[in-house]
1. Mind counting the residues in the stretch 45-72 that are under 17 Å from the mean Cα position of the chain (by Cα) and either at pLDDT below 95 or open to solvent by 70 Å² or more (accessible area, probe 1.4 Å) (or both)?
2. If residue 111 satisfies all but one of (1) over 30 Å from residue 41 (Cα atoms); (2) at pLDDT below 90; (3) in a helix (DSSP H, G or I), what's the number of the condition it fails?
3. Where the second residue is open to solvent by 80 Å² or more (accessible area, probe 1.4 Å) and at pLDDT 70 or above and the first is in a strand (DSSP E or B) and β-branched (Val, Ile, Thr) and lies in the stretch 2-23, which pairs have Cβ atoms under 9 Å and are six or more apart or on separate chains?
4. Among the numbered criteria (1) open to solvent by less than 70 Å² (accessible area, probe 1.4 Å); (2) part of a helix (DSSP H, G or I), which single criterion is violated by residue 94?
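The values are calculated or read from the model by the stated rules, or taken from the named source; none is laboratory data. As the structure is a prediction and not an experimental result, all values here were calculated from the model. Every residue, glycine among them, receives a Cβ derived from its backbone with ideal geometry; neighbour counts consider all protein chains shown. What goes into the accessible areas is simple: the full protein's heavy atoms, side chains included, and nothing from ligands, DNA or RNA. Shrake-Rupley method; radii C 1.70, N 1.55, O 1.52, S 1.80 Å.
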Amino acid sequence: MPDHSGSAMGEKISIAVEIAGRTYPVSVPEVDRAVVMAAKEKIAVTFEKYKTQFASLERSDLLSMVVLELVTEQLRKETQSSEQLNKATEACSELSQLNTVLDKYLSESQS
């Protein structure tokens, strides 16, 4: 999570986050409360999915599977974002080169 300390928006609040039947007190910047609660919900949904699929597994094994799925999903998104950024950077470079060529052409045609 971003560091919001030192700012007015960095006021920390304590919230109770339940994960896999256990409640954890968590102190987060107030601006991150909604993100933490959304993360908690995503963990809960994924945990219940695995709990239904693999009823015989222990909670720790189910949580390991949840972590693997969610981190894999996050890394996939980061890779896609990085690839999109690279493509956008290449497009900007090509546009800049085209602009240079057009400027040169226009200055030569006016001479």
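1. Going through the stretch 45-72, the residues under 17 Å from the mean Cα position of the chain (by Cα) turn out to be 46, 66-72.
Then drop every residue that is not either at pLDDT below 95 or open to solvent by 70 Å² or more (accessible area, probe 1.4 Å) (or both), which leaves 67-68, 71.
Residues meeting the conditions: 3.
2. Looking at each condition in turn, residue 111 falls short on (3).
3. 13/30; 13/33; 15/25; 15/33; 17/23; 17/24; 17/25
4. (1)
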